[in-house]
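Chemist: Have a look at the structure that comes next, please.
The values are calculated or read from the model by the stated rules, or taken from the named source; none is laboratory data. Just so it is clear, the model here is predicted, and its values are computed rather than measured. Here the Cβ is made from the backbone with ideal geometry for all residues, glycine too, and neighbour counts use every protein chain on show.
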């Protein structure tokens, strides 16, 4: 329960980076962070990791960035169209360092 409250607080402070408890490839507990989109950058993931792990710090286990596209469209008043925007898919996995 305490960990879930910490994750919720991190989400509130991180400005749109999403955080999910996960496991690193070696089986240790880790956190998967997502800061994808044109309005978000690596700073959102880094801030979320710092808020989550506190003064002990963290180790970046994996980091990935790929180009992505977002498309939308619609019809209004007899006219319509489609539009698209280039975005970035950014994910990071971190492990919190043990305190002290």
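Chemist: Give the residues of region 42-59 that are surrounded by fewer than 16 Cβ atoms within 10 Å (Cβ to Cβ) and within 18 Å of residue 88 (Cα to Cα), sorted by residue number.
Modeler: The answer is 42, 43.
Chemist: Assuming residue 19 fulfils every condition listed in (1) modelled with pLDDT of 90 or more; (2) touching a helix residue (DSSP H, G or I) at 6+ places or on another chain (Cβ under 6 Å); (3) assigned to a helix (DSSP H, G or I) apart from one, which condition is it?
Modeler: The failed condition is (3).
Chemist: Here's another thing I want to ask about it. Residue pairs, Cβ under 6 Å, 6 or more apart or interchain, first in region 71-100 and over 30 Å from residue 53 (Cα atoms), second at pLDDT 65 or above and surrounded by 10 or more Cβ atoms within 10 Å (Cβ to Cβ). List them.
Modeler: 71/84; 85/70
Chemist: For region 51-69, state whether one or more residues are touching a strand residue (DSSP E or B) at 6+ places or on another chain (Cβ under 9 Å) and modelled with pLDDT under 80.
Modeler: Among the residues of region 51-69, at least one is touching a strand residue (DSSP E or B) at 6+ places or on another chain (Cβ under 9 Å) and modelled with pLDDT under 80, which makes the answer yes.
Chemist: Could you list, in sequence order, the residues of region 40-57 that are more than 15 Å from residue 20 (Cα to Cα) and more than 12 Å from the chain's Cα centre (by Cα)?
Modeler: The answer is 54, 55, 56, 57.
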